[in-house]
Amino acid sequence: MVVYSGNAQRSPCDHENATYCEIARQLAAIKGFAYGGLFDASCAYAGPLYFVPSDTFVTLASARTLGIHAEQHLFGGVVPYPFIATKTITHALPASGAKAPPGWSFELAQRVRDVVLPGYSAFSIDDARDAGMALLRHGALRVKMASGIGGLGQWVVADSAELDACLQALDAQEVARDGLVCECNLAQVETLSVGQVRVGDLLATYCGTQRLTTNNAGEEVYGGSDLVVARGDFDALLRLALAPAALEAIAQARAYHAAVLQAYPGMFASRCNYDVAQGCDEAGRRYSGVLEQSWRIGGASGAEVAALAAFRADAALDAVRASTMEIYGADAHVPANAILHFQGVDERAGPITKYSTLAPHADP
């Protein structure tokens, strides 16, 4: 069991590396493997490796060079083109002649349009402006860089002047390479997480909500997740007593997942997570839709793996509640029963504490 950062889209910081390593240790215990720390290309390993990569592998060839040919070989995913690992696949292009990267599926947007928010993806500043102007006819919109994570790299614009100012501040080459999303902006929004993880013979499926917090720079960012995790597939999850909003999010995530696999049959993933936003626009219209996907270790993975460990330890256990917490600042309290992933001063994020907890699940 090794942690791999050779496919990282950006260099992981201290708290991310520490979290990846702690989760890999737990996965090694679940699978009965030895934990080998960070992958060392110069090391002659005694046997096959199971990888915990920091990012999705964005070509099939890059994964195969490491011996990764199927979901059984990693905690994460492999896609045939880089853009498939980003939120840009969620929406259509703003026009038939808009720029698109090689491998782009024009059919996918049609298949998922009923389970995502109103929006467009763009790979040029001009196309992004066309997309933004079309959305502004219905209210404020959110511009989101494909490379943004944890709520960063996003801006809300309310009119054409704000749109132009936002787009002019962006790096045109980065937009051309990675793309961006223009999407209707929701107020009083709740973000739900729907996902599934498979490790060895264990399969777990979950739904829950995300929390926001304020980081050390005063920005609103991801602060953790609270999940209900069922042993088994989506049908097992649906046998639990869930709120109507959760049922809607699960249905949308399942449809999105199936559509992506149909559009890009070469991809595979052992960890799938879908963010679903539910809220109202400025006119009071309610929306629910998938924002993006993640086929890599993520913010909820501490909770996912804690649930898998509980299922491994107790064959009669069918469901648990699992949470992750990310707390900025130097005065964070860690519960006695928590699994600590990181507590210290990160060179980029500043003082931060990250941990996961587990609790029994009981239907109301």
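The values are calculated or read from the model by the stated rules, or taken from the named source; none is laboratory data. Only a predicted model underlies this, so the values are computations on that prediction, with no experimental measurement involved. Heads up, the Cβs are rebuilt from the backbone with ideal geometry, glycines too, and the neighbour counts pull from every protein chain shown.
Assess whether S294 counts as being surrounded by 23 or more Cβ atoms within 10 Å (Cβ to Cβ) and in contact with an Asp or Glu (Cβ under 8 Å, 6 or more places away or on another chain).
Details: surrounded by 23 or more Cβ atoms within 10 Å (Cβ to Cβ): yes; in contact with an Asp or Glu (Cβ under 8 Å, 6 or more places away or on another chain): yes.
Yes.
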Between a first residue in the stretch 67-78 that is at positive phi and a second residue that is outside any loop (DSSP other than H, G, I, E, B), which pairs have beta carbons less than 6 Å apart while being 6 or more apart in sequence or on different chains? G76/P53; G76/R271
Kindly evaluate F311 against the criterion of being in a helix (DSSP H, G or I) and in the same structural domain as S193 (by TED's automatic domain parsing). yes
Is it true that some residue in the stretch 305-325 is closer than 30 Å to G218 by Cβ and at pLDDT below 95? no
Can you pull out every residue in the stretch 167-194 that is aliphatic (A, V, I, L, M), in a strand (DSSP E or B) and either modelled with pLDDT under 95 or loosely packed, with under 15 Cβ neighbours inside 10 Å (or both)? A187, V189
Any hit, the stretch 145-162, residues being under 30 Å from A309 (Cα atoms) and not aliphatic (A, V, I, L, M): yes
Determine if the stretch 337-349 includes at least one residue that is farther than 26 Å from L242 by Cβ, of a type in the set (D, E) and in contact (Cβ under 8 Å) with a residue 12 or more places away in the chain. yes
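Okay, residues lined up against (1) in contact (Cβ under 8 Å) with a residue 40 or more places away in the chain; (2) in a helix (DSSP H, G or I); (3) closer than 23 Å to A146 by Cβ:
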{"site": "I250", "(1), (2), (3)": "yes, yes, no"}
{"site": "A253", "(1), (2), (3)": "yes, yes, yes"}
{"site": "A258", "(1), (2), (3)": "no, yes, yes"}
{"site": "G266", "(1), (2), (3)": "yes, no, yes"}
{"site": "Q278", "(1), (2), (3)": "yes, no, yes"}
{"site": "G284", "(1), (2), (3)": "no, no, no"}
{"site": "L291", "(1), (2), (3)": "yes, no, yes"}
{"site": "A307", "(1), (2), (3)": "yes, yes, no"}
{"site": "M325", "(1), (2), (3)": "yes, no, no"}
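Just need a number here: residues in the stretch 338-347 that are assigned to a loop (DSSP other than H, G, I, E, B) and either surrounded by 13 or more Cβ atoms within 10 Å (Cβ to Cβ) or modelled with pLDDT of 95 or more (or both).
Summing the residues that are assigned to a loop (DSSP other than H, G, I, E, B) and either surrounded by 13 or more Cβ atoms within 10 Å (Cβ to Cβ) or modelled with pLDDT of 95 or more (or both) in the stretch 338-347 gives 1.
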Across the stretch 82-110, which residue is nearest to I125 (Cα to Cα) among those that are touching a residue at least 24 places away in the same chain (Cβ under 8 Å) and of a type in the set (S, T, Y)? T88
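Residues being touching a residue at least 60 places away in the same chain (Cβ under 8 Å) and assigned to a strand (DSSP E or B): count how many of those fall in the stretch 195-210. Steps first, answer last, please.
Of the stretch 195-210, the ones touching a residue at least 60 places away in the same chain (Cβ under 8 Å) are 195-200, 202, 204, 206, 208, 210.
Next cut, assigned to a strand (DSSP E or B) only: 195-199, 202, 204, 206, 208, 210.
Of the residues in the stretch 195-210, 10 are touching a residue at least 60 places away in the same chain (Cβ under 8 Å) and assigned to a strand (DSSP E or B).
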In contact with a Lys or Arg (Cβ under 8 Å, 6 or more places away or on another chain) and crowded, with 16+ Cβ neighbours inside 10 Å: is that true of V221 in this structure? no
Going through (1) part of a loop (DSSP other than H, G, I, E, B); (2) more than 23 Å from E347 (Cα to Cα); (3) touching a residue at least 40 places away in the same chain (Cβ under 8 Å) one by one, Q26 fails only at (1)
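Results for (1) modelled with pLDDT of 95 or more; (2) under 22 Å from A306 (Cβ atoms); (3) of a type in the set (V, I, T), shown as yes or no for each residue.
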| site | (1), (2), (3) |
| --- | --- |
| A44 | no, no, no |
| V52 | yes, yes, yes |
| A63 | yes, no, no |
| H73 | yes, no, no |
| P80 | yes, no, no |
| I84 | yes, no, yes |
| I89 | yes, no, yes |
| A98 | yes, no, no |
